[in-house]
Amino acid sequence: MRDGGTGGGRGAPPDAGGLGRDDGFHRDGPRTYPPQPAPGRIPGPRSPYGSGADHPHDGGPHDGAHDGDPGPDDPGPDGGREEPPGAPAGPPGRGGGHRRGGPRRQRSRKRKVLRWVAIVAAVGVLGTAGAAYGYYEYLSGKIRKGERVSGRTTVAKPKANANGTSAMNILILGSDSRLSDADKALGGAADSAGARADVIMIAHLSADRSNMSLVSIPRDTRVDIPQCEDPKTHKTYAPTNTIINASLGRGGPGCTLATVQNLTNVYIDHWLMIDFSGVVKMADVLGGVEVCVEHSVWDRPTAAIPHGGSGLKLTKGTHIVKDKQALQWLRTRDAFGDDSGRAKAQHMYMSSLIRRLRGENLFTNPGRLNKIATTAMGAFEVSSEIGTPKKLYDLGMELKSIPPERMTMLTMPHIADPQAPAAHYLPARDASTVWSLVRNDVAMDTNGKAKAPGAATASPTPAAPSGPPAAAPGSIGVSVVNGTAGTAGNPAVGHRATAIATALKTAGFTQADPARTAHPSPGTGVVYPAGAGEQGRADATSVAAALKIPVSDVKPSTSAQVVTVTVGADWKSGTDYSATLPKAGGVPAGADAMNGADTGKCMPIQPVYRWAG
């Protein structure tokens with residue numbers, strides 16, 4: 001994420017109520033501030049007498065009248081005022097001859113007015129800067145932070161693409177733990193060991209920040225949870241196979257992050273977690289969030305599920321939910337059918353929440369911004385690398401910049417778990433298509449401009465010069481590695497490296513050869529020696545284009561000796577990689593996708609939970 005404010009610059013007047021107005025406000029490290037000046041003393045480099053020094057003249061701070069050219073109010077050498085030629089002498093020491101009401105008096109008054117305006121402005125700037133600093137420290141103190149990852153995972157962070165940009169993946173968690181009095185008043189688990197992740201979502205921001213997807217993983221999906229260590233207690237939890245929402249109580253959000261990475265092979269950059277009381281606070285400060293139901297609903301205990309029910313009770317149609325009712329909406333499961341129905345209702349809520357935030361013109365309402373920012377900082381817990389007001393603000397602005405029609409909300413396709421078909425799920429085969437869309441940064445909507453295979457991903461900032469042209473194909477050394485096993489222990493597809501090397505030879509890359517050793521890899525990619533610089537990038541891009549591998553998968557490597565193509569588990573047949581990629585909008589039907597701009601959908605209600613309201 002970029003440092004710096006969103007407006008102004010160094011020396012620009014800070015805005016105590018608005019984020020992003022002053023470089024001094026948006027900083028990541030500590031900064032020493034001078035003590036506040038004593039009354040009547042104006043510090044700063046503009047004084048020739050030093051910062052904070054008393055001015056030697058009784059007339060106040062230096063205003064330019066004593067710079068060697070006496071002004072109309074300056075005393076002459078004898079202590080009086082300078083006299084015009086031929087003027088009669090006045091009383092001794094009085095500087096007689098000063099004209100009353102003439103231009104000289106008018107200029108003097110203007111000087112005094114300007115001088116005091118400058119003093120007031122200077123004090124205002126200093127006071128505002130101090131307030132901004134204090135406000136920043138106040139917000140910083142409200143942020144709760146934790147380790148990004150606390151479990152074993154082998155998924156590595158991808159390097160930036162050839163344009164120097166990267167997609168961003170954020171794990172959003174809704175916790176049902178009740179550690180505070182406010183949480184306990186809402187009911188549920190009362191200790192961290194019993195904490196569960198009621199909501200698990202991956203927010204994917206494309207590298208060019210033109211589109212976003214939000215993928216929910218049903219909390220009752222059975223997965224492999226790796227070995228995790230609780231960063232607070234340092235207790236180690238052995239690997240286990242159970243439902244994914246248990247990962248939160250086995251090492252905190254960092255354990256859930258490791259579990260999700262291993263499940264999806266998608267690198268997660270950050271996590272944000274909100275508890276139930278935080279949901280209520282955010283709904284309140286925004287004035288509520290709009291939701292809709294097809295029938296009047298009352299989610300309560302029934303004969304079939306006596307322990308169930310969130311208490312949600314709404315009449316048919318559209319409602320603004322806030323306070324405890326917002327929490328009830330997010331917790332409702334049985335009235336919406338199952339965990340998949342709950343995920344869809346949560347998507348509706350999130351979509352409406354984002355539209356509401358986009359509609360807030362925060363820069364013109366500092367008080368409103370202050371209230372929302374203060375509430376958000378206290379409602380969320382975040383991974384430590386984004387645990388400053390500036391970084392969270394920048395992240396919020398990136399989310400806010402994506403239009404609703406380019407947002408897609410969906411659920412990981414899933415099937416009933418044979419071990420507990422009425423209660424748990426397993427990822428369906430189509431889930432791999434969803435994760436491929438995320439890994440390859442392919443838009444899940446069709447509202448953007450189509451990109452040709454191998455075309456560069458657009459950059460959010462002006463692209464750098466394209467660099468040198470690629471060398472002749474026949475002069476570029478290429479090594480092709482068989483990685484189709486995906487991960488260690490799985491079988492690889494035979495002769496894949498040879499098949500791709502042959503295809504490259506046919507395309508003119510006569511120095512392409514299969515590597516002697518296979519290296520399992522979940523995904524396909526092209527790397528080049530980092531020391532080769534722009535020429536290496538150009539050569540590798542030409543190799544990728546011949547195989548129709550997107551340039552976003554072309555990256556530098558400190559260990560590569562030549563341009564190296566790794567044929568991953570996502571390319572087990574054929575010689576045209578683009579044929580294996582899901583197309584924009586290629587979301588499988590089982591994902592139950594919803595577009596962020598769709599405001600016409602309402603949640604269906606199971607018959608037993610309907611009422612005649």
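The residues of the stretch 459-613 expose on average 48 square angstrom of accessible surface per residue, using a 1.4 Å probe on protein heavy atoms. Ranking Val215, Val280, Val562, Val608 by solvent-accessible area of protein heavy atoms (1.4 Å probe, all protein chains present), from largest to smallest, gives Val608, Val562, Val280, Val215. Annotation note: GluC sites (Glu not before Pro) in the stretch 353-402 located in DSSP loop regions with a Cβ neighbour count of at most 16 within 10 Å are Glu360. Just check the stretch 248-379 against the gyration tensor rule for me: Cα atoms, a ≥ b ≥ c as the square roots of the eigenvalues, rounded for a/c under 1.5, and otherwise prolate or oblate depending on whether a/b exceeds b/c. Note, shape of the stretch 248-379 comes out oblate. Classify the stretch 239-279 from the C-alpha gyration tensor, please: rounded if a/c falls under 1.5, else prolate or oblate depending on whether a/b exceeds b/c. Because a/c hits 1.5 or more and a/b fails to exceed b/c, the stretch 239-279 counts as oblate.
Overall, the accessible surface of the stretch 395-441 at a probe of 1.4 angstrom is composed of carbon and sulfur to the extent of 57 percent. Less than 5 angstrom separates the built amide H of Thr240 from those of Ile225, all sequence-distant by 5 or more or on a different chain.
The residues of the stretch 230-323 expose, per residue, 38 Å² of accessible area to a 1.4 Å probe. With the convex hull drawn around the C-alpha atoms of the stretch 502-612, the volume per residue stands at 185 Å³.
Reported to the nearest whole Å, the Cα centre-to-centre distance from the stretch 373-395 to the stretch 410-437 is 32. Label-to-label distance for Ala422 and Thr599 is 4.2 nm, based on points extended 7 Å past Cα in the beta-carbon direction.
Across the stretch 205-256, the volume of the C-alpha convex hull divided among the residues equals 92 Å³ per residue. Let a ≥ b ≥ c be the square roots of the eigenvalues of the Cα gyration tensor of the stretch 472-513; is it rounded (a/c under 1.5), or, if not, prolate (a/b larger than b/c) or oblate? Here the stretch 472-513 falls in the prolate category. Spin-label model, Asn365/Thr233: points 7 Å from Cα along the beta carbon direction are separated by 4.4 nm.
Label separation (Arg358 vs Thr510): 5.5 nm, computed from points 7 Å beyond Cα along the C-beta direction.
The values are calculated or read from the model by the stated rules, or taken from the named source; none is laboratory data. The structure presented is a predicted model; accordingly, all values stated were derived computationally and were not measured. Neighbour counts run over all protein chains shown; Cβ positions are idealised from the backbone, glycine included. Just so you know, the surface numbers come from the protein's heavy atoms only, side chains and all, with ligands and any DNA or RNA stripped out. Shrake-Rupley method; radii C 1.70, N 1.55, O 1.52, S 1.80 Å.
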